[in-house]
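The values are calculated or read from the model by the stated rules, or taken from the named source; none is laboratory data. Quantities reported herein were computed from a predicted structural model and do not represent experimental measurements. Note: ideal-geometry Cβ built from the backbone for every residue, glycine included; neighbour counts use all protein chains shown.
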Amino acid sequence: MDKLKSMKLLMAGLIFYVVVQVLSAVGVLNGYFMVIINRSLIGVMFAVSLNLINGITGQFSLGHMGFAAVGAYTSGSITTLIFKLSPRHPEDAVVFVVAIIAGGIAAAVAGFLIGFPSLRLKGDYLAIVTLGFGEIIRTILNNIAWVGGPRGLLGIPKFSTFTVIFVFTMATIILIRNLVQSSIGRSMLSIRENELASELVGVDTTKYKVLGFVVGAFFAGMGGGLLAHLLQIAHPTQYGFYASALILIMVYVGGIGSLTGSIIAAFSLTFLTEGLRVGIDWLRDTAGVPIGTEWTMVIYALLLILIMLFKTEGLLGMREASILIIKEKQG
Amino acid sequence: MSALLSIQNMTHYFGGLKAVSEFSFDVPEGVIYGLIGPNGSGKTTCFNLITGIYTPTQGKILFQGEEIQGHKPFRIVHKGIARTFQNLRIFNNLSVIDNIRVARHFTTTSGVFSTFLRLPSFKQEEEKVREEAMDLIRLMNLHSRATEMAKNLPYGELRRLEIARALATKPKLILLDEPAAGMNPKETEDLMRLIQRVRDEFKVTIFLIEHHMKFVTGICEKVKVIDFGTTIAEGRPEDVVKEPKVLEAYLGRKAVVC
């Protein structure tokens, strides 16, 4: 039963993959759509990993893209350096995958360091520290010449194809799902529910809070690496507070603690942003309505306000799609 | 008989307020021990000191002969002291079985990687935890609720769930903070029987705080009465309730009539 259920998740992923590939091959999905889909998938990695910190463990991180930046710059530096030194091709894939994972590990180290303040800080105070962390990362990157400074890290080889991004995203979903639905995950959830009670049923709350940050940062770092190798650039402004806030919005719109919600929200919000832009362009150019592109963010924000008003717990609350639940024996 | 828990000259200040004053007492192994006293007399503070939420300003707490004062709460749980709370502290958005499974977590050894990959050793361990949790659920008569969200349970069942969760840590000593609070006479009656059963079946020592005199005299074998952080009486419940000092400080005139 356990096998069958986890197969279902893989099957659903595979169907998505095949459909996109086929639609792309017959030309229904052009390059533009593929970019949006790729960005949505990376958004899923960011949102699901942030959900582990904010939704599952109940901490509050406002600097999630800081971890992504660490991953992006680490892996980007590795690949650009290696391909400058030896522009050979057969080992491409290996170098790339190793670089992405190295980016994840570097981000995890950053997560460990930032996790320590969470030993003593809670709620708003922790949020301020993580916000500061994200800004520190951005400022440092802005001032290091050998990663491009304010110009950004340029000339990153384009490695992130749909297939690669898809595989990493599926891995992220499955591994975090496995973690959440385990003894370790339940300990993290118990911290969110009641930290004192958690400690008093024997959970080393400090350890699991830090673990939440480390694991969340690891996957965010890999997401950052993939993004850098998709856009072929890593730029400090991509990883600032605004970007972190967008991921945070995905987590809250989807439902705090619901991985399914994060997945759905990452896709819908990425598509919504693009859709609004296209829609407003159409209104202005074709329908002749005098409306500027700056209105996309106004409408986007209004929609978010409406969602939060009518679905305070997010689209899915704490619910999980059945294919994401590991089936257990009863009785 | 040697004492399972031995408190020696324990004193605790909140700022200038002396909440607990030079407490010394022993809880022998296997008994149901009651700590009673009026509101604000330092009972819950005493529990918070034993479980490591506070560190006593002075004095020692010995559990099985080992000093535990100043240890972190979760480490004290690992040593074998579990507790429940006066105002329930249930993990509301977790299912009943998950509430109990959290308390078994510290006995598991699977790391992040075997969890990520759901290795056979991990699955075996999870299955063991699940079975142990189900045993407790059945014992507490909660089996029809196993997968229900804890927040949907009625009050009486939540009280039982909290006791089950405390038992899941396999303690040698359980501290119950007003277990009968908010219960009607029938529920209180059932709870008394349950506590006695738990003591006999799990071979645990029970140390409880209670206001409810009938409850205390009904199940406690030994009680200690405190007021303003100092002991005013100690002994068998039926003797203690007759002491004038106790009547005056705690029970008052009305309670005597009852």
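Have a look at A:G212, A:G216, A:G224, A:G202 and point out the one that is within 14 Å of B:A103 (Cβ to Cβ) and crowded, with 24+ Cβ neighbours inside 10 Å.
Details: A:G212 fails: within 14 Å of B:A103 (Cβ to Cβ); A:G216 fails: within 14 Å of B:A103 (Cβ to Cβ); A:G224 fails: within 14 Å of B:A103 (Cβ to Cβ).
When all the criteria are applied, what remains is A:G202.
Within the option set A:L230, A:L189, being away from chain B (no Cβ under 11 Å) and either over 18 Å from A:L304 (Cβ atoms) or β-branched (V, I, T) (or both) holds for one residue only, A:L230. The set of residues from region B:67-80 being within 9 Å of chain A (Cβ to nearest Cβ) and either in contact (Cβ under 8 Å) with a residue 24 or more places away in the chain or touching a helix residue (DSSP H, G or I) at 6+ places or on another chain (Cβ under 8 Å) (or both) comprises B:K72, B:P73, B:F74, B:I76, B:V77, B:H78. Taken residue by residue, region A:73-89 has no member that is at pLDDT 95 or above, of a type in the set (A, V, I, L, M), surrounded by fewer than 24 Cβ atoms within 10 Å (Cβ to Cβ) and more than 23 Å from A:I140 (Cβ to Cβ). Scanning region B:87-98 for residues that are of a type in the set (S, T, N, Q) and either more than 8 Å from every other protein chain (Cβ to nearest Cβ) or without any contact (Cβ under 8 Å) to a residue 24 or more places away in the chain (or both), which turns out surrounded by the fewest Cβ atoms within 10 Å (Cβ to Cβ)? Here the residue is B:N87. For A:A127, the stated conditions hold: it is within 30 Å of B:D98 (Cβ to Cβ), away from chain B (no Cβ under 13 Å), surrounded by fewer than 22 Cβ atoms within 10 Å (Cβ to Cβ) and within 22 Å of the chain's Cα centre (by Cα). Restricting attention to region A:315-331, the residues that are within 12 Å of another protein chain (Cβ to nearest Cβ) and either more than 20 Å from A:L10 (Cα to Cα) or of a type in the set (K, R) (or both) add up to 7.
What number of residues within region B:100-123 satisfy the criterion of being of a type in the set (S, T, N, Q) and more than 8 Å from chain A (Cβ to nearest Cβ)? First the steps, then the outcome.
Pass one, region B:100-123, residues of a type in the set (S, T, N, Q): B:107-110, B:114-115, B:121.
With more than 8 Å from chain A (Cβ to nearest Cβ) added as a condition, the list becomes B:107, B:109, B:114, B:121.
The qualifying residues number 4.
Of these, A:L113, A:L121, A:L131, which one is under 15 Å from A:V210 (Cα atoms) and part of a helix (DSSP H, G or I)?
Step by step, each of A:L113, A:L121, A:L131 is checked, and only A:L113 is under 15 Å from A:V210 (Cα atoms) and part of a helix (DSSP H, G or I).
Here B:Y54 fulfils each of the conditions (1) modelled with pLDDT under 90; (2) more than 21 Å from B:T205 (Cα to Cα) apart from (1).
Could you list, ordered by first residue, the pairs with Cβ atoms under 9 Å in which the first is in region B:135-146 and on the phi > 0 side of the Ramachandran plot and the second is of a type in the set (K, R) and at pLDDT below 95, at least 6 apart or interchain? Pairs found: B:N141/B:R160.
Go through B:I206, B:I195, B:I174 for me and flag whichever is away from chain A (no Cβ under 14 Å), buried (at least 19 other Cβ atoms within 10 Å of the Cβ) and outside any helix (DSSP H, G or I). Unique residue meeting the criteria: B:I206. Among the numbered conditions (1) at pLDDT 90 or above; (2) in contact with a Lys or Arg (Cβ under 8 Å, 6 or more places away or on another chain), the only one that B:M183 does not meet is (1).
Applying the criterion of being surrounded by fewer than 14 Cβ atoms within 10 Å (Cβ to Cβ) and under 31 Å from the mean Cα position of the chain (by Cα) to the residues of region B:110-126, the residue that is nearest to A:G185 (Cα to Cα) is B:G111. Output yes when any residue across region A:97-107 is farther than 16 Å from A:I136 by Cβ, modelled with pLDDT under 95, more than 22 Å from the chain's Cα centre (by Cα) and assigned to a helix (DSSP H, G or I), and no when none is. Within region A:97-107, not a single residue is farther than 16 Å from A:I136 by Cβ, modelled with pLDDT under 95, more than 22 Å from the chain's Cα centre (by Cα) and assigned to a helix (DSSP H, G or I).
Entry remark, region B:124-155: residues being among the basic types (K, R), closer than 27 Å to A:M7 by Cα and more than 10 Å from chain A (Cβ to nearest Cβ) number 1 in total. Reported count of residues in region A:227-276, each being surrounded by 24 or more Cβ atoms within 10 Å (Cβ to Cβ) and either among the polar types (S, T, N, Q) or within 26 Å of A:K158 (Cα to Cα) (or both), is 11.
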